[in-house]
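Taking it in order: structure first as structure tokens, then the write-up.
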Amino acid sequence: MVEHLKLSVDAMGGDDAPHMVIEGIDLLAARLPNVKFLLFGDEPQLGPLLERFTHAKRACEIRHAPQIIKSDDKPAAALRGGRESSMRLAINAVSDGEAAGVVSAGNTGALMAIAKFVLKTLPGIDRPAIASYLPTEHGDSIMLDLGANIECSSDNLVQFAVMGEVFARIVFGIEKPTVGLLNVGVEDLKGNDVVKGAAAILQAETHLPIKFYGFIEGNDIAAGTVDVVVTDGFTGNVALKTAEGTAKFMSYKLREALTSSFLSKIGALLAKPALMALHQKLDPRRYNGAMLLGLNGICIKSHGGTDALGFANALQVAVDLAGKGINESIKTDYAQLCADAEGNRKAVGG
């Protein structure tokens, strides 16, 4: 049973908000009655909706927000003009200590900009990164960055590696996570100076509970070659969207094949249990809830087009992270990495 925990929620973010948001809260509140929610949004809409969902009504406190950040609003404009928006007020609740974390299905760029401005980054972390679970042949892995930072330095990639290592250790329970840098080849000479520089830092001797695997390629992601996949936001976002598109295409072709004839329909009926298990394993709603790692607070981005089940899973991610002290561990591990690097530098200089 989860101990008493309070999350803040942007009720107006998402394609089908606020209905989808409240229904998602209702699903989670039924499973976790000790979790409470500060619900930020248009009170005249939220009040009547809550009356339809027993568990959500019990768990939620409405906080009126007169503004809504739209999906096409520019991040800078949202930051300047959205001070009374549901997104901004929900993030403020974390900064003010009222909530342990915030969840929003709204504008990704605006969420990143506002969260970074309000919550700030952890000591030593230059930029937060978007991270998410990915299904693999060997369970789940974590990949970052998935779109927050289009261009990165070697130090940024190293910071992402530390954040991913901490997540895999604390959330996945892996004692010494393997970390790989996504590259165009596994050979040492492959790649640009940024990934080579990051590899040099991660290969150096360190006291961190981390196992640097080296370079990996795109096919290693689904294979589960490493626990943590590290890349810049441009490459990570392209890889993620490619994987999502491929999964949808394969699902479409599978349905087409299984309904193409009478015999194939018989086969589909016989294989239904296995197909349902596969569907549940690959259901994107199961992996909904990207984490903005590196911020001085828990911030979860739900997919804007998800449904209530997907949003409930994003809320679950916030619950999982809030009580595990992940940010303190990131600060500790990054400080240790810096101390090891300084010790190695002095040893070489001496």
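The values are calculated or read from the model by the stated rules, or taken from the named source; none is laboratory data. The shown structure was predicted, so the numbers you read here are calculated from the model rather than taken from an experiment. Cβ: placed from backbone, ideal geometry, glycine included. Neighbour counts: every protein chain shown. These accessible areas exclude ligands, DNA and RNA; they are computed on the full protein's heavy atoms, side chains included. Shrake-Rupley method; radii C 1.70, N 1.55, O 1.52, S 1.80 Å.
A few comments on the model shown:
- Note on the stretch 1-24: residues that are open to solvent by 30 Å² or more (accessible area, probe 1.4 Å) and within 12 Å of ALA56 (Cα to Cα) amount to 2.
- Applying the criterion of being β-branched (Val, Ile, Thr) and not in a helix (DSSP H, G or I) to the residues of the stretch 217-266, the residue that is surrounded by the fewest Cβ atoms within 10 Å (Cβ to Cβ) is THR259.
- Note on the stretch 42-151: enclosed strands (runs of 3 or more DSSP E) holding 1 or more residues that are open to solvent by 50 Å² or more (accessible area, probe 1.4 Å), in contact with a strand residue (DSSP E or B) (Cβ under 9 Å, 6 or more places away or on another chain) and over 18 Å from ILE300 (Cβ atoms) are 60-64.
- Set side by side, the residues THR246, THR242, THR206, THR178 differ, and just one is touching a residue at least 60 places away in the same chain (Cβ under 8 Å), of a type in the set (Ser, Thr, Tyr) and over 14 Å from TYR133 (Cα atoms), which is THR206.
- PHE212 vs. criteria among the aromatic types (Phe, Trp, Tyr) and either under 30 Å from ALA113 (Cα atoms) or modelled with pLDDT of 90 or more (or both): yes
- Pair list, Cβ < 6 Å and 6+ apart or interchain, from the stretch 99-122 residues that are within 18 Å of LEU321 (Cβ to Cβ) to residues that are open to solvent by less than 10 Å² (accessible area, probe 1.4 Å) and among the charged types (D, E, K, R): SER104/ASP10
- Residue pairs meeting the criteria (Cβ under 6 Å; at least 6 apart or on separate chains; first over 15 Å from VAL230 (Cβ atoms), in the stretch 182-193; second part of a loop (DSSP other than H, G, I, E, B)): LYS190/ASN183; LYS190/VAL184
- Selection within the stretch 25-41 - under 23 Å from ARG88 (Cβ atoms) and open to solvent by less than 40 Å² (accessible area, probe 1.4 Å): ILE25, VAL35, PHE37, LEU38, LEU39, PHE40, GLY41
- Those residues of the stretch 147-178 which are touching a helix residue (DSSP H, G or I) at 6+ places or on another chain (Cβ under 6 Å) and of a type outside the set (A, V, I, L, M), in sequence order: GLY147, ASN149, SER154, PRO177
- Which listed residue, of PHE167, PHE172, is closer than 23 Å to GLU328 by Cβ and open to solvent by 20 Å² or more (accessible area, probe 1.4 Å): PHE172
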